[in-house]
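The values are calculated or read from the model by the stated rules, or taken from the named source; none is laboratory data. Only a predicted model underlies this, so the values are computations on that prediction, with no experimental measurement involved. Backbone-built Cβ (ideal geometry, glycine too); neighbour counts: all protein chains shown. Heads up: the accessible areas ignore ligands, DNA and RNA and are worked out on the full protein's heavy atoms, side chains in. Shrake-Rupley method; radii C 1.70, N 1.55, O 1.52, S 1.80 Å.
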Amino acid sequence: MPVSLVQLPVIPWSLPVIAALWSHPAAVTVGFAIGGVFLGTVSGLVPGLHVNALALLLAAVAPTITAPPTAIGTAVLAAGVVHTFLDVVPALVLGVPDAETAVGSLPGHRLVLAGRGREAIRLSAVGSGVAVACAVPLALPLSNFVAAGREQLYAALPLILAAVIVLLVAAEPTWRRRAGGVACFTLATALGTLTLDLPTAGSLAPSSAASMLAPLFAGLFGAPVLIDSLDGRGTIPPQDGATAALSLRETLRAAVSGVGGGALVGYLPGVSAGVATVLALGGVGGDSRPRDESDADRIDRQYIVATSGADTATAVFAAAALVVVGDERSGVAVALASVGGGGSPFGSVTALAVVVFAAGVGAILVPVLGDRYLAVVRRLPHRPLSATILAVLWILAGVFAGVTGLCVFAVAALLGLLPPRLGVRRVHLMGVLVGPIVLG
């Protein structure tokens, strides 16, 4: 509609008002939250790019940004939460997970190869959404409880992790596979012990973001799937409807179990979301398919819901642990503490409000972007795509860990090929983090 002459004088007078509103602290914070949502979306959709790397990069450039710490911290937290919604998309579609989605990636990728990718994407969104709904009201009371007894909790940590190891091995169905699980866990522990503290000389990332975690997890969980797919297997077929073939009760149970796993990850160092998910589901599923195919498909769906729930709940509980307890339990929490000068840049109410906002946006973006991601990948030639992504993972390993990271990536990729050939779950490779902590 054309602007009348009567309206024109109003426009110049409105500009100072708009400028004043934009300079208001609340408006600045909202603007940074939206920016964090965008960054978390990008990082979640890039195969092999972990949210911790993104968060630490944001913290590294924070001193150059003219904005209050609260606003920058809002961007970091929003990016971390949205990433936990969207990082499942490359894990499902391409089979390239990060540390948090590693356990659920293969069951989810199986559904994609069966033509049920759209359903898998929506199950993931439900898992993350339920996790936020459960974790937000529990975060502060649980953090206060942990703060009161954390010395006793940390003293018992080696025993807790040892129990985790035993339960993971016992979850294998036969003694032969249990022996294979022990072998994979032992080799992963050795790899973690030898490489986690290696210098990252030559890294192109800021010193706070440089880490051996990128090459380790990209090699253990992403590269093997891509290497195995270079022979032409794993081509994505046409995708069927998006209706979930999992009952409401099973969906909620899996999501809530993921919240329990997220609580373990948020407050106990060394326990990954993948390990906690396996324990929460009673050790069923994973890479070893049951004999009953219908039962296998049901377990695959539960894994997607629980893994996504654990991933998102971890972000909520880790943020609460920083605000209330002062513990840095994730890369996002470390970045927030850096921005806040050694602590949280904002209070608990603001933190939870940012979580809820970012989660709401993330829940909408998962099916919208996930379906389009799936459609685009289907049209691309499979073997060149796998080779290209494998090269990207290798380059990212060098960016975040230098020349040493390139070598670590290669060794981790070789180890990552072992579990499926022994018929055991890839979750035993989480020993790369758990093992060194148990050994002290």
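The C-beta contact set for the stretch 34-49 (first residue under 24 Å from Gly219 (Cβ atoms) and open to solvent by less than 20 Å² (accessible area, probe 1.4 Å), second residue modelled with pLDDT under 90 and charged (D, E, K, R), distance under 6 angstrom, 6+ apart or interchain) comprises Gly44/Asp87. Looking at this structure, is Ala315 open to solvent by less than 30 Å² (accessible area, probe 1.4 Å) and at pLDDT 80 or above? In short, yes. Filtered by the rule that a residue be in a loop (DSSP other than H, G, I, E, B), at pLDDT below 75 and among the aliphatic types (A, V, I, L, M), the stretch 97-120 gives a lone residue, Ala99. Is there a residue being in contact with a helix residue (DSSP H, G or I) (Cβ under 7 Å, 6 or more places away or on another chain) and under 23 Å from Ala26 (Cα atoms) anywhere in the stretch 383-401? Checked the stretch 383-401: no residue is in contact with a helix residue (DSSP H, G or I) (Cβ under 7 Å, 6 or more places away or on another chain) and under 23 Å from Ala26 (Cα atoms).
Looking only at residues in the stretch 158-173 that are more than 13 Å from Val427 (Cα to Cα) and not β-branched (Val, Ile, Thr), the one that is most open to solvent (accessible area, probe 1.4 Å) is Leu159. Just to verify a result, which residue in the stretch 192-219, among those that are aliphatic (A, V, I, L, M) and crowded, with 24+ Cβ neighbours inside 10 Å, is modelled with the lowest pLDDT? Within the stretch 192-219, the match that is modelled with the lowest pLDDT is Ala209. Listed by first and then second residue, the pairs with beta-carbon distance under 8 Å, at least 6 apart or on different chains, first residue in the stretch 129-141 and β-branched (Val, Ile, Thr), second in a helix (DSSP H, G or I) and open to solvent by 30 Å² or more (accessible area, probe 1.4 Å), are Val130/Leu252; Val130/Val256; Val132/Val356; Val136/Leu352; Val136/Val356. In the set (1) modelled with pLDDT of 80 or more; (2) touching a His at 6+ places or on another chain (Cβ under 8 Å), the condition left unmet by Ala375 is number (2). Close contacts from the stretch 152-177, counting a first residue that is in contact (Cβ under 8 Å) with a residue 24 or more places away in the chain and in a loop (DSSP other than H, G, I, E, B) and a second that is surrounded by 12 or more Cβ atoms within 10 Å (Cβ to Cβ) and among the basic types (Lys, Arg), with Cβ to Cβ under 9 Å and a gap of 6+ residues or different chains, come to Ala171/Arg178; Ala171/Arg425; Glu172/Arg178; Glu172/Arg425. Listed conditions (1) part of a helix (DSSP H, G or I); (2) modelled with pLDDT under 80; (3) open to solvent by 10 Å² or more (accessible area, probe 1.4 Å); (4) under 23 Å from Asn144 (Cβ atoms) are all met by Thr350, apart from (2). Among the residues of the stretch 281-309, the ones that are crowded, with 22+ Cβ neighbours inside 10 Å, part of a helix (DSSP H, G or I) and either β-branched (Val, Ile, Thr) or at pLDDT below 60 (or both) come to 3 in all.
Set side by side, the residues Ala263, Ala255 differ, and just one is touching a Cys at 6+ places or on another chain (Cβ under 8 Å), modelled with pLDDT of 70 or more and buried (at least 20 other Cβ atoms within 10 Å of the Cβ), which is Ala255. So, Ala320, is that one among the hydrophobic types (A, V, I, L, M, F, W, C), open to solvent by less than 20 Å² (accessible area, probe 1.4 Å) and at pLDDT 80 or above or not? For Ala320, the condition - among the hydrophobic types (A, V, I, L, M, F, W, C), open to solvent by less than 20 Å² (accessible area, probe 1.4 Å) and at pLDDT 80 or above - is met. Would you check if Leu433 is open to solvent by 20 Å² or more (accessible area, probe 1.4 Å), part of a helix (DSSP H, G or I) and at pLDDT below 85? It is true that Leu433 is open to solvent by 20 Å² or more (accessible area, probe 1.4 Å), part of a helix (DSSP H, G or I) and at pLDDT below 85. The residues of the stretch 333-381 that are among the hydroxyl-bearing types (Ser, Thr, Tyr) and under 22 Å from Ser124 (Cβ atoms) amount to a single one, Tyr373.
Checking each residue in the stretch 395-419 for being out of contact with any Gly (no Cβ under 9 Å at 6 or more places or on another chain) and open to solvent by 60 Å² or more (accessible area, probe 1.4 Å) picks out Ile395, Cys407.
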